[in-house]
Structures are given as structure tokens and as C-alpha cells.
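Before any comments, here is the structure.
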Amino acid sequence: MIMEFIFQMPTKIVVGEGCIYKNSNLLTRLGKKALIVTGKSSAKKNGSYNDVVNALNKEGIEHILFDEVEENPSLETLEKAKNMAFGADFVIGVGGGSPMDAAKGIAIMLKHAEICANNLICGKQLDAVPVVAVPTTAGTGSEVTQYAIFTDYNAGTKVNYGHKIFPHIAFLDATYMINMPIDITRYTALDALSHLIESYLNTKSNIMSEIYVQKGIELFSTCIEALLKGELSINDRQKLLLVSTYAGMAIAQTGTSIPHTCGYNLTYYENIPHGAANVLFYRAYLNSFKNKERAFDILGWLGIESIDKFANLIDTLLAKYKIKCSTEKLQKYTDITFSNKLKLANHPEEVTREMILKIYQDSL
Ligand code: NAP
Ligand code: ZN
């Protein structure tokens, strides 16, 4: 078969300890006033917020702070940020996937004053003022993807709002993760791994996205012992941050697949963190995948012999997030998942409602 694909990665990636301050000149091209978007507290504790402010001060760039982004940000939060961000030329998202995604949504509303958060999901492709991303978790890869996911209480689910906002610059400094609690470390690392796997077992996987997938999974495998022990060196943190960025570069080309669609329900209805919510389905998902050669490629890169052993590792790392759900709930989640045709189209094999229900039943 003749290959046909587009590989797009427009984000400038800057890596290293202190990289924001050292490369602050890169910010001067983006404008004279920045909006900094963070979660409620971690950015101030881990040094990332200070580093961003010092870099802006060094370049004489004014800033406003919005520090109210909750986990899985809602459209209401974006609206609140927009109302106080007037006059900002660009947005800097500092934190995990939640503040980075929120930064993308706010950046669209700053460019299009007529747009309010409720009509961000409008089916049209909108552009945005520049976004800079400073990840402080190693999981979502949002610093190099065009996606942003929001909680939409009217729709009763989490939605990918459909615009394509790649950050202009991603500053990767693993020192912000040194004191990250082990639970967050584990579920965010597994989120990155799930991006790599769902990118590979995907209709849109291609020879270039697969380079990042293989390297990312091999790098992840070198961190398994540390994740199990719960003791991560700065070297492990750096590796996991790269795993997450490789994974973001891969899903920017392919998107994710069935486990992410299932996971949105666990996050929305059962309050399970995003990273944990996806991989809880992996035993059933990988067992249901018919092309075992492809699944075994992944196990080979991980250095794990079987799907069962891999699923046992996930169970060990995420023991506290295992839940049971009633039959009614499983039916409801199956219906929501099965209606997400766009996401299911990424699965390269036939998808039936029965298959989705079985993945839920076997997992919860
Ligand atoms: P998160 O929701 O951004 O943050 C989770 C928790 O970690 C928060 O309590 C946060 O505290 C804390 N935290 C962040 N950095 C920390 C650090 N360095 N040390 C200690 N605590 C820290 O988690 P996430 O898993 O990174 O992001 C999940 C979101 O990203 C979901 O909404 C998901 O849908 C989305 N996502 C987006 C993409 C994409 O491509 N755009 C891909 C996957 C997932 P604070 O709240 O105080 O900051
Ligand atoms: Zn994810």
C-alpha cells in the first residue's frame, strides 16, 4: 500500500533546568502583556509560576494571573478567565493538562471577543492568540498537542472542543515535578503510556508517529521500577516528561482511542482522575484487540511478556482507583461511549456495542 499522511508538529520545544528564564527572549515576540493560567496551588509551590514571572519581568512583559483552573476544567471557568484577561496578547498555561487546556480555550476567546465559552464548541475551526505551555505533570502531552478537553455540564460529559491550537512554545523543566505526590506521578505517567499505545493501535498510526511511540514506550519501561518503588530521581522525572511529550507528538497525529472514550465517563461520573480512568480498561481493551502482533510489539518495547502481566502492573500502580459500577451505569456509559463515533473511528478493527459493554463489564 502507498503511504499517505501529514505529520504536523509546529511547537518549539525547549528542554532543561531553568529553561524558561534562560530562553525568556523567546517570549518577547509574543506580545507585551501575558495572561498566566494555573491551577489553584501547585504552580506556586513547585517553582514554575515564579520562573514564568521572573522571565516575563526580565523581558519587561506585563502579566495578569488567573489561578482558578480546576481539574478537568469547565466551560464556566474559561468564561470567568476571559472576563478578567482583557488586553492580554498571549496566554501561558502552567500546570498539568487542565491549566494547559484551559489556556488554549481562553486564547481563542481573547482572539475572538464575540465568542463565549458556551459556544466554543461550535463546529468551526477558530484560531487563537499565541499559547505557551509549561507542563508540571508528565502525562497529557498537551504542551505539544492541538487538543483541549473541557467538562461540559450541559452535554453531561467531557468534550474535545475541536479547534486546533498547538502551543507556540513548550518549556520542559522536570524540576517542577520533583515533589509531585506518587499517586499523581503514577496516573499521569500511565496517561502518557496510554497515549503511546492508543496512538499505535490506531487507524491513523503512521511510520513517523510510530517512531515516537516506540521510543516513548522504551523510555517508559526504564522507569517502571521507580514507579513501583515510589521513588523517582530527577533523571526518572526527566525521562517521564520526555515520554509524555513523545506521546503528545504521537497523538497529535492520530488521536486516542477506545480507552479514552470510556475513561471520560469514569472521570465525569465517578471522579476518577483522567490518567487512571483510561488505563483501568487496558486488560479488557488489549484482550479484545484482535491484531495480537501489534499488541505484542508494545509488550516487547515494554519488556513485559504478556497482556496479563502488563495489566497486573497497572492494577498494582492504580490499586486505589479500582471501582465497581452497577449494571445500569455500565449500560449508560456504554451508550455514551458508543455514540462517540469520531473517537471510535480511530479503532482499526470493527467496534460493536457488545464489545464496548464487555470492556466495561470486564473492567469495572
Ligand atoms: P491536572 O488536572 O492538570 O492536575 C492534577 C493535579 O495535579 C492537580 O491537583 C494539580 O494541582 C496537581 N499538580 C500539577 N502539577 C503538579 C506538581 N508538579 N506537583 C504536585 N502537584 C501537581 O492533571 P493532568 O492529568 O495533567 O491533566 C488532566 C487534564 O488534561 C484532563 O482534563 C484531561 O482531559 C486533559 N488532557 C488533555 C490532553 C491534550 O492533548 N490536550 C491529553 C490528555 C489529557 P493544581 O490544581 O493546584 O495545579
Ligand atoms: Zn489521556
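The values are calculated or read from the model by the stated rules, or taken from the named source; none is laboratory data. The structure displayed is predicted, hence computed values, not measured ones. Positions of Cβ are backbone-derived with ideal geometry, glycine not excepted, and every protein chain shown enters the neighbour counts.
None of LEU280, LEU196 is away from ligand 2 (no atom under 11 Å from the Cβ) and either acidic (Asp, Glu) or in contact with a helix residue (DSSP H, G or I) (Cβ under 9 Å, 6 or more places away or on another chain) (or both) except LEU280.
Selection of segment 263-284 for residues being surrounded by fewer than 20 Cβ atoms within 10 Å (Cβ to Cβ) and either modelled with pLDDT under 95 or within 16 Å of ligand 1 (Cβ to nearest atom) (or both) yields TYR269, GLU270, ASN271. Under 17 Å from CYS223 (Cβ atoms), surrounded by 20 or more Cβ atoms within 10 Å (Cβ to Cβ), in contact (Cβ under 8 Å) with a residue 12 or more places away in the chain and within 16 Å of ligand 2 (Cβ to nearest atom): is that true of TYR187 in this structure? Yes: the conditions hold for TYR187. Across segment 134-159, the number of residues qualifying as within 7 Å of ligand 1 (Cβ to nearest atom) and not β-branched (Val, Ile, Thr) comes to 6. I need the full set of residues from segment 337-364 which are more than 21 Å from the chain's Cα centre (by Cα) and either among the hydroxyl-bearing types (Ser, Thr, Tyr) or closer than 17 Å to ASN160 by Cα (or both), in order please. Of everything in segment 337-364, those that are more than 21 Å from the chain's Cα centre (by Cα) and either among the hydroxyl-bearing types (Ser, Thr, Tyr) or closer than 17 Å to ASN160 by Cα (or both) turn out to be PHE338, SER339, THR352, TYR360, SER363.
Among all residues of segment 202-213, there is at least one that is away from ligand 2 (no atom under 13 Å from the Cβ), farther than 29 Å from LEU30 by Cβ, buried (at least 19 other Cβ atoms within 10 Å of the Cβ) and more than 16 Å from the chain's Cα centre (by Cα).
You will find that of VAL53, VAL37, the residue that is free of Cβ contacts under 8 Å to residues at least 24 places away in the same chain and within 25 Å of MET109 (Cα to Cα) is VAL53 and no other.
For every residue, the table says whether it meets (1) more than 12 Å from ligand 1 (Cβ to nearest atom); (2) among the hydrophobic types (A, V, I, L, M, F, W, C); (3) over 16 Å from the mean Cα position of the chain (by Cα); (4) closer than 16 Å to LEU318 by Cβ.
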| position | (1), (2), (3), (4) |
| --- | --- |
| SER221 | yes, no, yes, no |
| ILE234 | yes, yes, yes, no |
| THR245 | no, no, no, no |
| ALA250 | no, yes, no, no |
| LEU286 | yes, yes, yes, yes |
| GLU293 | yes, no, yes, no |
| ILE298 | yes, yes, yes, no |
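Only one entry in ILE106, ILE92 is closer than 28 Å to ASN271 by Cβ, in contact with a helix residue (DSSP H, G or I) (Cβ under 8 Å, 6 or more places away or on another chain) and of a type in the set (Val, Ile, Thr), namely ILE106. For segment 307-325, the criterion of being touching a residue at least 12 places away in the same chain (Cβ under 8 Å) and closer than 20 Å to VAL159 by Cα is met by none of the residues. All of LEU228, LEU219, LEU193 fail the test of being surrounded by fewer than 16 Cβ atoms within 10 Å (Cβ to Cβ), in contact (Cβ under 8 Å) with a residue 24 or more places away in the chain, part of a helix (DSSP H, G or I) and hydrophobic (A, V, I, L, M, F, W, C), apart from LEU228. If the condition is being away from ligand 1 (no atom under 16 Å from the Cβ) and in contact (Cβ under 8 Å) with a residue 60 or more places away in the chain, then segment 206-216 contributes ASN206, ILE207, MET208, GLN214. When residues in segment 273-291 are screened for being within 16 Å of TYR360 (Cβ to Cβ) and assigned to a helix (DSSP H, G or I), 11 of them pass.
Taking segment 148-165 as the range and being crowded, with 22+ Cβ neighbours inside 10 Å and in contact (Cβ under 8 Å) with a residue 60 or more places away in the chain as the test, the residues that pass are ILE149, PHE150, ILE165.
Of everything in segment 168-184 that's in a helix (DSSP H, G or I) and under 27 Å from VAL91 (Cβ atoms), which residue is farthest from ligand 2 (Cβ to nearest atom)?
Applying the filter and picking the extreme gives THR175.
Screening segment 9-60 for residues that are more than 19 Å from the chain's Cα centre (by Cα) and hydroxyl-bearing (Ser, Thr, Tyr) and picking the one that is surrounded by the fewest Cβ atoms within 10 Å (Cβ to Cβ) gives SER41.
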